[in-house]
Amino acid sequence: MREGATGQGAREGARVTVAGLVLVRQRPGSASGVIFMTIEDETGIANIVVWPKLFERQRPEVIGARLVAVTGRVQNESGVVHVIAQKIEDLTADLRLLEQSRGANASEAKAREAIPKGRNFQ
């Protein structure tokens, strides 16, 4: 992956892949079906824009994934960087690999399961 979750440093229109934990998904009634996702990694947060056609094709990934890789184009609006999603990959299964590689004990695993899945639209 080229960029941290923020996509900062990429030029306008550049194709990037960013990855991170899904913090929130929003589908405002005034946004004509556009979904906004916020993801985070150790470098910061990224704003992801998911157009309705991509949502139709990748609904399970958009709604259900806890860890995603998003490939898309960078858009810089008034200093706010967005990634206009073209492809979303569900990496949620990789969270278990991280847990195993750290040698997590049962109490650590239980603590991780207690973390809320995020606030999602209905």
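We did not get these values from a lab; they are worked out from the coordinates using the rules stated. Computed from a prediction, not measured in an experiment: that's the story for all the values here. A quick note on method: Cβ atoms are made from the backbone with ideal geometry, for glycine too, and the neighbour counts reach across all protein chains shown.
Label positions at GLU77 and ARG59, each projected 7 Å from the Cα along the C-beta direction, are separated by 2.6 nm. With the simple spin-label model, which puts each label point 7 Å out from Cα in the Cβ direction, the THR17 to GLU89 separation comes to 0.4 nm.
Using C-alpha pairs below 8 Å separated by at least 6 residues, the relative contact order for the range 15-113 is 25 percent.
Summarised as an ellipsoid, the range 15-113 has semi-axes of 27, 15, 12 Å, derived from the eigenvalues of the Cα gyration tensor scaled by 5 and square-rooted, with the largest first. For the range 75-90 versus the range 21-55, the spacing of their alpha-carbon centroids is 9 Å.
Using the per-residue mean of other Cβ atoms lying within 10 Å as a proxy for protection, in what order, highest first, do the peptides 78-89, 34-45, 61-72 fall? Numbers along the way, then the final one.
On the way: 78-89: 15.2, 34-45: 16.9, 61-72: 19.5.
Taking the mean over residues of other Cβ atoms within 10 Å, the ranking is 61-72, 34-45, 78-89.
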